[in-house]
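Just so you know, all these numbers are worked out from the coordinates, no wet-lab data involved. Since this is a predicted model, take the numbers as computed values, not measurements. Neighbour counts run over all protein chains shown; Cβ positions are idealised from the backbone, glycine included.
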């Protein structure tokens, strides 16, 4: 059983506790040995709302690690704390699972990956859109080659939200590209099994938006092997909302795949994959729902990686490609020019495998 220290008990951290960690503990996947929150007001709220014994709460990771026997740290802290927390966890001899985006810059992400590999610790990123039934099925279908090589992919993401004054979205210059689109960029790499090479991107703040930053963007992304992805995303679209993974259309040599995924944190109702070959009738795939999905799938992959040495899928090393694409898209939108996607310095030859995803 994976002994886990959970660091960061704000709103999203408490959601992890209620909807992911508590069920995983009941299922015997993990043991929550400690919960850490540096802000005392937030810690007080957590104590009032969560089901942990009082002795498991701490105000620092170092204190928790010195007081309990643990294997790994789950970090659900704000982005500026991701890198310091990950490095501290590795320095304490712990494996680490960190929320997305992995790091503010590619160089900082590489620093964490190098530290983890040097220490022999697993570094994993919670790219929780990967382990969903539709995503798994599309990856398997495309790797199988039934429709031939991919020529183009079209992705649409639409939501309409009004961030509160205290929302972190109000503090991000590019709230779509820097926070939300990292999921879509990561899925592009997984689905194609390729890496991006260049990106053109424009962002804007539509009329009526209450965002201070840029909540909408359109991008064209060229991948090695020749496929091009067109991406349109908006936090303030008045149109019909998509699922969180978005609406996808994958055009192949001998047909297309239309799919969508992730209706919400706990629902599989929207998982759908339709295959439309050029030379025959279309069909809707029957999807397997037996494997854990979303964050539960991420947590299960972390446990397997630590216990059995399996590839965790969305490892820190793999996620460098998604960070590189995100930062290139932000640069392209900011500088209004085509930007080459930086290749991570610590990569050797890279490829993305099927299943949960990764190298």
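Helical content of the chain, expressed as a calculated mean residue ellipticity at 222 nm, amounts to -9500 deg cm²/dmol (DSSP H runs of 4 or more residues, -39,500 (n - 2.57) each, divided by residue number, nearest 500). You can think of it this way: the chain between residue 22 and residue 152 has 42.7 nm of extra reach, that is 0.36 nm per residue less the Cα-Cα gap. Which residue, 122, 20, 298, has the most motion in a Gaussian network model of the chain that connects Cα atoms within less than 10 Å? Among 122, 20, 298, the largest GNM mean-square fluctuation belongs to 20. Averaging Cα coordinates gives a centre for segment 55-122 and one for segment 296-321; these two points are 15 Å apart.
Where in segment 193-216 does the label zone of residue 347 land, with the point 7 angstrom along Cα→C-beta and an amide N cut-off under 17 Å? Answer for this model: 193-200. Does a label point 7 Å from the Cα of residue 67, set along Cα-to-beta-carbon, have any residues of segment 6-41 with amide nitrogen under 15 Å, and which are they? Residues 6-9, 32-40 qualify, since their backbone N sits under 15 Å from the label point. Ordering 209, 261 from the fewest to the most neighbouring beta carbons within 10 Å gives 209, 261. When DSSP beta bridges are restricted to pairs lying wholly in the chain, around 60% turn out antiparallel. Taking the Cα atoms only, what angle lies between the long axis of helix 181-192 and the longest principal axis of the chain, rounded to 10 degrees? Compared with the principal axis, the helix lies near 60 degrees. Taking the Kirkwood radius as Rh and the Cα radius of gyration as Rg, segment 2-129 has a ratio of Rg/Rh equal to 0.94.
When the gyration tensor of the chain is built from Cα positions, what are the square roots of 5 times its three eigenvalues, in whole Å, from largest to smallest?
Values: eigenvalues 212, 105, 84 Å².
So the three semi-axes of the chain are 33, 23, 20 Å.
Which shape class, rounded, prolate or oblate, goes with segment 185-238 when its Cα gyration tensor gives a ≥ b ≥ c as root eigenvalues, a/c under 1.5 marks rounded, and past that a/b bigger than b/c marks prolate?
On the way: a/c = 3.35, a/b = 2.58, b/c = 1.30.
Taking the square roots of the gyration eigenvalues as a ≥ b ≥ c, segment 185-238 is prolate.
With angles folded into 0 to 90 degrees, how steeply does helix 106-119 sit against the dominant principal axis of the chain? Use alpha carbons for both and round to 10. The helix 106-119 is inclined about 50 degrees to the chain. Shown is the FRET efficiency for residue 334 and residue 171, computed with R0 = 22 Å from the Cβ-Cβ distance and rounded to the nearest 0.05: 0.85.
Could you tell me how many degrees, from 0 to 90 and to the nearest 10, lie between the Cα long axis of helix 316-335 and the main elongation axis, the longest principal axis, of the Cα atoms of the chain? Around 60 degrees separate the two axes. Straightening the chain between residue 212 and residue 31 buys 61.1 nm, computed as 0.36 nm per residue apart minus the Cα-Cα spacing. Calculated over segment 142-295, the projected area of the Cα convex hull averaged across directions stands at 10.2 nm². Computing FRET efficiency as 1/(1 + (r/R0)^6) for residue 276 and residue 198, where r is the C-beta to C-beta distance and R0 is 41 Å, gives about 0.90. Centre-to-centre separation between the Cα atoms of segment 1-34 and those of segment 185-230: 33 Å.
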